[in-house]
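Visitor: Quick one: the structure is below, questions incoming.
Every read-out reported here was derived from the displayed coordinates using simple, explicitly stated rules and does not represent laboratory data. Predicted, not measured: the structure shown is a model, and the values here were computed from it. When we count neighbours, we look across all protein chains shown, and the Cβ atoms used for this are built from the backbone with ideal geometry, even at glycine.
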Amino acid sequence: MDEKEPDLPPPVSGNELKITEAITVAVNGAFANRTPITVAYVDRDGQPHLSLRGTTQVFGSDQLAIWIRNPEGGLLSAIETNPRLALLYRDPATRTTYQFHGRAHADRSRESSDLVYSNSPEFERGLDPDQRGVAVVVDLDQIQGRDAAGFFLMQRSADT
């Protein structure tokens, strides 16, 4: 017997891209909630990669940040030539899904590095006690998903 997915309403669109409180709580609590965020990127050879990132955090009203422990790693190398990333948050217990699309860059400033590192979970900081990693900031172009408020689609306006 085939079970048909229920007909779902189309996402609410046209909303200004601004990270909500619900998204902030989910993203910043993802590690503790055991719902780590998956990052997708494409390397210099065109090979796609998926990576779980426990340090993903809200960095501003339209930005996420990630602490990258290994400055020689694949993600940092990839964003030098192709800064586009996709990130996925999924909490099956609450049926919450957030998809983020944006452009990433390494932010090696002391201020950003200290902030992203210090806002990372203690366990993750323990894997880089000498703070040798690099902060990566993702300027978001789109957020779409479903949470307690329903379906939504937010996009960066052409003006920004």
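Visitor: Considering only the stretch 63-78, how many residues are out of contact with any Phe, Trp or Tyr (no Cβ under 7 Å at 6 or more places or on another chain) and surrounded by 14 or more Cβ atoms within 10 Å (Cβ to Cβ)?
Guide: Matching residues across the stretch 63-78 total 6.
Visitor: So, Asp128, is that one touching a Phe, Trp or Tyr at 6+ places or on another chain (Cβ under 8 Å), acidic (Asp, Glu) and over 17 Å from Pro36 (Cα atoms) or not?
Guide: Yes.
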